[in-house]
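Here is the structure we will look at, set down as C-alpha coordinates.
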Amino acid sequence: MFGDSIWVFWIVSVGIFGAIGFAIGQAVASQWQSFWLVVWYACLLGAFERFIIYALFGDELLSVLGYLIDTAVIIAMALFGYRLMQVKKMVTQYPWLYARMGFFFWKEKV
(Lines give C-alpha, C1' and ligand atoms only; values in the text may rest on other atoms or scores of the structure.)
Protein backbone atom coordinates (compact mmCIF):
# COMPACT_ATOMS: atom_id res chain seq x y z
CA MET A 1 0.00 0.00 0.00
CA PHE A 2 2.70 2.52 0.92
CA GLY A 3 5.36 1.53 -1.64
CA ASP A 4 5.14 4.24 -4.29
CA SER A 5 1.97 5.83 -3.05
CA ILE A 6 3.03 7.54 0.17
CA TRP A 7 2.25 10.95 -1.33
CA VAL A 8 -1.11 9.69 -2.56
CA PHE A 9 -1.86 8.57 0.99
CA TRP A 10 -0.89 11.91 2.54
CA ILE A 11 -2.59 14.10 -0.03
CA VAL A 12 -5.72 12.10 -0.80
CA SER A 13 -6.34 10.11 2.40
CA VAL A 14 -5.18 12.52 5.06
CA GLY A 15 -5.59 15.83 3.26
CA ILE A 16 -8.72 15.59 1.16
CA PHE A 17 -10.71 12.76 2.72
CA GLY A 18 -9.56 13.68 6.22
CA ALA A 19 -11.00 17.15 5.68
CA ILE A 20 -14.23 15.63 4.38
CA GLY A 21 -14.36 13.41 7.47
CA PHE A 22 -13.81 16.45 9.68
CA ALA A 23 -16.74 18.20 7.97
CA ILE A 24 -18.91 15.09 8.40
CA GLY A 25 -18.15 15.08 12.11
CA GLN A 26 -19.09 18.73 12.44
CA ALA A 27 -22.30 18.27 10.46
CA VAL A 28 -23.45 15.31 12.54
CA ALA A 29 -22.62 17.07 15.82
CA SER A 30 -24.44 20.23 14.74
CA GLN A 31 -27.63 18.16 14.40
CA TRP A 32 -27.12 16.57 17.87
CA GLN A 33 -26.81 13.10 16.35
CA SER A 34 -24.93 10.15 17.87
CA PHE A 35 -21.22 9.65 17.22
CA TRP A 36 -22.03 6.18 15.86
CA LEU A 37 -23.50 7.92 12.85
CA VAL A 38 -20.11 9.57 12.32
CA VAL A 39 -18.44 6.16 12.35
CA TRP A 40 -20.98 4.79 9.85
CA TYR A 41 -20.52 7.72 7.47
CA ALA A 42 -16.74 7.45 7.78
CA CYS A 43 -16.86 3.76 6.84
CA LEU A 44 -18.89 4.59 3.75
CA LEU A 45 -16.50 7.39 2.89
CA GLY A 46 -13.57 4.99 3.30
CA ALA A 47 -15.08 2.68 0.68
CA PHE A 48 -15.55 5.61 -1.68
CA GLU A 49 -11.98 6.70 -1.09
CA ARG A 50 -10.66 3.24 -2.01
CA PHE A 51 -12.55 3.53 -5.29
CA ILE A 52 -11.14 7.00 -5.99
CA ILE A 53 -7.59 5.83 -5.30
CA TYR A 54 -8.18 2.81 -7.54
CA ALA A 55 -9.68 4.86 -10.37
CA LEU A 56 -7.22 7.75 -10.35
CA PHE A 57 -3.97 6.19 -9.21
CA GLY A 58 -4.32 2.50 -10.10
CA ASP A 59 -3.98 1.22 -6.55
CA GLU A 60 -5.63 -2.02 -5.45
CA LEU A 61 -9.40 -1.65 -5.08
CA LEU A 62 -10.16 -4.46 -2.63
CA SER A 63 -7.17 -3.97 -0.33
CA VAL A 64 -8.43 -4.75 3.17
CA LEU A 65 -5.39 -3.21 4.84
CA GLY A 66 -5.68 -0.10 2.68
CA TYR A 67 -9.37 0.24 3.53
CA LEU A 68 -8.73 -0.17 7.26
CA ILE A 69 -5.92 2.37 7.35
CA ASP A 70 -7.75 4.92 5.21
CA THR A 71 -10.97 4.49 7.17
CA ALA A 72 -9.13 4.79 10.49
CA VAL A 73 -7.73 8.15 9.36
CA ILE A 74 -11.19 9.31 8.28
CA ILE A 75 -12.80 8.13 11.54
CA ALA A 76 -10.14 9.91 13.61
CA MET A 77 -10.61 13.18 11.74
CA ALA A 78 -14.41 12.84 11.84
CA LEU A 79 -14.48 12.21 15.59
CA PHE A 80 -12.11 15.16 16.08
CA GLY A 81 -14.52 17.43 14.21
CA TYR A 82 -17.49 15.92 16.04
CA ARG A 83 -16.01 16.62 19.46
CA LEU A 84 -14.97 20.17 18.61
CA MET A 85 -18.46 20.99 17.34
CA GLN A 86 -20.11 19.27 20.29
CA VAL A 87 -18.13 21.37 22.77
CA LYS A 88 -18.86 24.53 20.79
CA LYS A 89 -22.59 23.77 20.71
CA MET A 90 -22.76 23.02 24.44
CA VAL A 91 -21.02 26.20 25.55
CA THR A 92 -22.82 28.48 23.08
CA GLN A 93 -26.33 27.08 23.48
CA TYR A 94 -26.13 26.74 27.26
CA PRO A 95 -23.79 29.53 28.39
CA TRP A 96 -25.47 29.76 31.80
CA LEU A 97 -24.75 26.06 32.47
CA TYR A 98 -21.41 25.28 30.86
CA ALA A 99 -18.02 26.89 30.34
CA ARG A 100 -15.34 25.75 27.90
CA MET A 101 -12.38 23.89 29.39
CA GLY A 102 -9.95 23.70 26.49
CA PHE A 103 -10.80 22.39 23.05
CA PHE A 104 -12.34 19.04 24.00
CA PHE A 105 -14.11 19.55 27.32
CA TRP A 106 -16.64 21.71 29.09
CA LYS A 107 -17.46 22.07 32.77
CA GLU A 108 -20.55 23.01 34.70
CA LYS A 109 -20.71 26.51 36.07
CA VAL A 110 -21.34 26.71 39.76
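The values are calculated or read from the model by the stated rules, or taken from the named source; none is laboratory data. This structure is a prediction, so every number in the text was calculated from the model and none was measured. With ideal geometry, Cβ positions are generated from the backbone for all residues, glycine too; neighbour counts draw on all protein chains shown.
Let's see how each residue does on (1) of a type outside the set (Lys, Arg); (2) surrounded by fewer than 13 Cβ atoms within 10 Å (Cβ to Cβ); (3) touching a residue at least 60 places away in the same chain (Cβ under 8 Å); (4) not in a helix (DSSP H, G or I):
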{"position": "Trp7", "(1), (2), (3), (4)": "yes, yes, no, no"}
{"position": "Ser13", "(1), (2), (3), (4)": "yes, no, yes, no"}
{"position": "Gly18", "(1), (2), (3), (4)": "yes, no, no, no"}
{"position": "Ala27", "(1), (2), (3), (4)": "yes, no, no, no"}
{"position": "Cys43", "(1), (2), (3), (4)": "yes, no, no, no"}
{"position": "Gly46", "(1), (2), (3), (4)": "yes, no, no, no"}
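Given the conditions (1) part of a helix (DSSP H, G or I); (2) crowded, with 17+ Cβ neighbours inside 10 Å; (3) at pLDDT below 95, which single one is not true for Asp59?
Every listed condition holds for Asp59 apart from (1).
Would you check if there is a residue in region 81-92 being over 18 Å from Ser5 (Cβ atoms), at pLDDT below 95, of a type in the set (Ser, Thr, Tyr) and part of a loop (DSSP other than H, G, I, E, B)?
Scanning region 81-92, I find no residue that is over 18 Å from Ser5 (Cβ atoms), at pLDDT below 95, of a type in the set (Ser, Thr, Tyr) and part of a loop (DSSP other than H, G, I, E, B), so the answer is no.
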